[in-house]
Structures are given as structure tokens and as C-alpha cells.
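The values are calculated or read from the model by the stated rules, or taken from the named source; none is laboratory data. Predicted, not measured: the structure shown is a model, and the values here were computed from it. Virtual Cβ from ideal backbone geometry, glycine too; neighbours counted across all protein chains shown.
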Amino acid sequence: MLTVSAYAATAATEPLTPTTIERRDVGPKDVLIAIRYAGICHSDIHTVRGEWGDIAYPQVVGHEIVGEVTEVGSEVTKHAVGDRVGVGCMVNSCRECENCRAGMENYCLKGNTGTYTSVDRDGTITQGGYSTHIVVDEHFVLTVPESIPYEAAAPLLCAGITTYSPLAHWNAGPGKRVAVIGMGGLGHMAVKIAAAMGAEVTVLSRTLAKQEDGLAFGASHYFATADDATFDELANHFDLIVNTVSAPLELDRYLKLLRLDGTMVNVGAPAEPLPITVFTLFGNRRSFAGSGIGSIAETQEMLDFCAAQGIAPEIELISAEQINDAYERVLSSDVRYRFVIDTATL
């Protein structure tokens with residue numbers, strides 16, 4: 001076992017504090033990664049504060065991880081010592097169910113093994129990326145292209161793939177009108193990726209405070225949802241709406257912005273149920289869907305796409321001792337647009 005430094009939550013109501021955790025020995029198909037940077041995702045905050053259900057404490061979160069391979073198992077073929085790699089939201093799956101066999105490990109019918117708060121193959125609870133090292137099966141380790149700035153690559157492993165996957169699946173591209181709800185960590189990536197795919201992108205944000213940024217990231221239009229006129233002007237307009245916010249919305253108002261056969265996809269995950277009026281879906285044969293991260297192959301595709309298109313998240317680099325302050329700033333929308341922890345400070 002390897003003892004490593006980390007930052008952990010000890011209770012839902014307590015700040016994260018320095019600690020040490022144990023990583024398993026490197027197995028035949030495992031990769032040991034020295035973590036260099038770890039992004040802070042809103043999911044981390046929901047999880048440690050118990051908003052998505054009870055968890056076992058102490059818990060180290062973080063599923064936006066980049067670093068360097070420092071050791072490989074005897075049967076590893078995908079990665080070598082010194083490689084720049086990443087780990088996202090999952091570190092294993094059953095690999096036997098229909099979905100896994102189809103290469104969609106993120107939709108494992110037995111439930112994929114999350115990078116944190118999941119029961120690992122040895123019966124322990126997985127611990128995430130707010131730490132200096134992690135051991136992961138090679139299948140779930142991604143190659144990070146050299147052209148992506150190292151510290152900025154981490155958020156791609158969640159915010160990048162979470163928005164890339166629905167945009168690719170619902171064919172965002174030339175001739176398609178795509179709306180992005182929210183201009184936070186997920187939203188700003190959705191704008192950049194959809195624009196790079198060739199879609200006409202509109203940001204729907206509560207206010208116009210981030211309009212300049214949204215247009216700079218590739219959006220053609222920017223509307224304030226606090227203005228009721230927005231919903232009248234954009235009725236029956238979009239082919240695809242990607243909702244990135246993790247807070248309750250009046251979904252019917254947004255669904256009515258879809259044109260014939262349009263789809264609204266939720267990637268934000270509020271703790272509260274979101275009610276929908278079925279008759280709203282009947283109009284224009286609208287669809288409401290959800291999308292959960294992406295497969296390993298799709299995540300690698302996303303990384304390669306971002307490298308080719310020169311896409312990277314906008315980040316603010318912080319030290320470990322700033323994590324708790326960063327959590328409060330995320331909750332007050334005071335970040336543009338993703339916090340990334342320099343793990344050298346752990």
C-alpha cells in the first residue's frame with residue numbers, strides 16, 4: 001500500500017482538511033499516477049455535503065485529474081512511465097453487461113465505479129483526486145495531448161466530456177441551433193465545444209453579466225432569462241438545449257423554446273426533482289433527456305477534439321488551503337470558470 005497526502009471531508013458540515021490515504025499496490029493492469037492538477041466540480045460539493053445522499057467519511061473527492069505515469073503493472077500496454085494522462089469520473093465497470101460490451105462503460109448496468117464514494121474491487125471506498133497519487137486500471141486512464149495546457153486539462157475530464165457527449169450524440173453542428181443554459185464551469189465548455197462543432201450557439205443565462213465572455217467563447221447570441229421577453233422571442237427556436245445548471249428551473253418554459261423534434265438535455269444535476277408538464281412535450285414532438293459523462297473512447301475523442309480545435313477551459317489555479325474558500329465561491333458563482341488545485345501544495 002502507498003500512503004499519500006490528500007484533502008478530505010470528515011463530515012457534511014465540516015470544512016475539508018489535510019489527511020493521508022492509502023492507495024492499493026499496483027496490479028498487473030494498473031497505472032500509478034502522480035497527480036499534478038485536480039479540478040473542482042460542483043459534484044464534489046454536492047457529494048461531500050450529503051446533498052446527493054449519505055456517504056462514508058472521511059472522503060476525498062475530485063474526478064478531474066491529470067498527472068504523470070510513475071509506475072505501470074506488468075500487463076499494461078496503453079501507457080508508459082512519463083506519459084501525460086488523465087482520469088475522469090469513473091475508474092472501473094463490470095465490463096460484462098450489454099452496455100459495457102458496447103463500449104459505454106459510463107452506462108454500466110451494474111453501475112460504474114466512480115472515482116470517489118464507490119465500492120472498489122477490493123471492497124474499499126474509492127477516494128478521488130484531491131490527493132498526490134492514484135492507482136487506476138489502465139482501461140480507465142486517458143491520454144492527455146501535449147497541446148492542451150497541463151493545468152487546464154483537468155476540467156476536461158468532467159466538464160469537457162459531460163458537455164461534449166450530448167453535443168456529439170444529438171449532432172450539434174452546422175445548421176443546428178444550440179442553446180446552453182448557464183455559463184459556469186460546464187456551460188462555458190458547452191459553448192466552446194458547440195461553436196467548434198459549427199453550431200449556432202445561444203447562451204441562456206440569468207443575467208447578461210457574462211455576455212462578453214460568452215460571445216468571446218463562440219456564442220452568436222446571449223439572452224437573460226430573468227427577462228420574460230426572452231422566452232417569447234425564442235419560442236420554437238432551438239434544435240438542442242443543453243441545461244448545465246444544478247438548480248431547479250421551470251423546465252416547461254425552456255422546453256417551449258424547442259422547435260419540431262428538438263431535444264432538451266440535462267447535464268446539471270440538482271438535488272430536487274424537476275417537474276415537467278407532459279403536454280409541453282406533445283407540442284412540437286419535443287424530447288427531454290439526460291446525459292451522464294461519456295465512455296472512455298468518447299472521452300479520448302473529446303480530448304483529441306479539444307487539442308485539434310485549441311479548446312481549453314478557463315481556470316483559476318489555487319493551492320490546497322484555498323479549497324474551502326473555492327467551494328463557497330462556486331456556490332456564489334464567483335469563478336470564471338473552473339478552479340484547479342495545484343496538488344504540489346497538498
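I need the full set of residues from the stretch 211-247 which are in a loop (DSSP other than H, G, I, E, B) and within 19 Å of Thr163 (Cα to Cα), in order please. Phe217, Gly218, Ala219, Ser220, Thr244, Val245, Ser246, Ala247 - these are the residues of the stretch 211-247 that are in a loop (DSSP other than H, G, I, E, B) and within 19 Å of Thr163 (Cα to Cα).
For Ile65, the test of being buried (at least 17 other Cβ atoms within 10 Å of the Cβ), under 28 Å from Pro273 (Cβ atoms) and aliphatic (A, V, I, L, M) is failed.
For the stretch 253-280, a tally of residues being surrounded by 17 or more Cβ atoms within 10 Å (Cβ to Cβ), in a helix (DSSP H, G or I) and not polar (S, T, N, Q) returns 2. Annotation note: of Ala172, Ala195, the sole residue that is crowded, with 18+ Cβ neighbours inside 10 Å and either at pLDDT below 95 or in a loop (DSSP other than H, G, I, E, B) (or both) is Ala172. Which is more than 20 Å from Arg253 (Cβ to Cβ) and either acidic (Asp, Glu) or in contact with a Lys or Arg (Cβ under 9 Å, 6 or more places away or on another chain) (or both), of Met189, Met183? Unique residue meeting the criteria: Met189.
Out of curiosity, is Ile35 in contact with a Ser or Thr (Cβ under 9 Å, 6 or more places away or on another chain), over 26 Å from Gly184 (Cβ atoms) and not acidic (Asp, Glu)? Against the criterion (in contact with a Ser or Thr (Cβ under 9 Å, 6 or more places away or on another chain), over 26 Å from Gly184 (Cβ atoms) and not acidic (Asp, Glu)), Ile35 does not qualify. In summary, Ser165 fulfils each of the numbered conditions (1) surrounded by 16 or more Cβ atoms within 10 Å (Cβ to Cβ); (2) in a loop (DSSP other than H, G, I, E, B) with the single exception of condition (2). Checking every residue in the stretch 143-150 against the condition of being modelled with pLDDT of 95 or more and among the acidic types (Asp, Glu) gives at least one match. State yes or no: is Ala320 surrounded by 13 or more Cβ atoms within 10 Å (Cβ to Cβ), not aromatic (Phe, Trp, Tyr) and not assigned by TED's automatic domain parsing to the domain that holds Gly187? Answer is yes for this residue.
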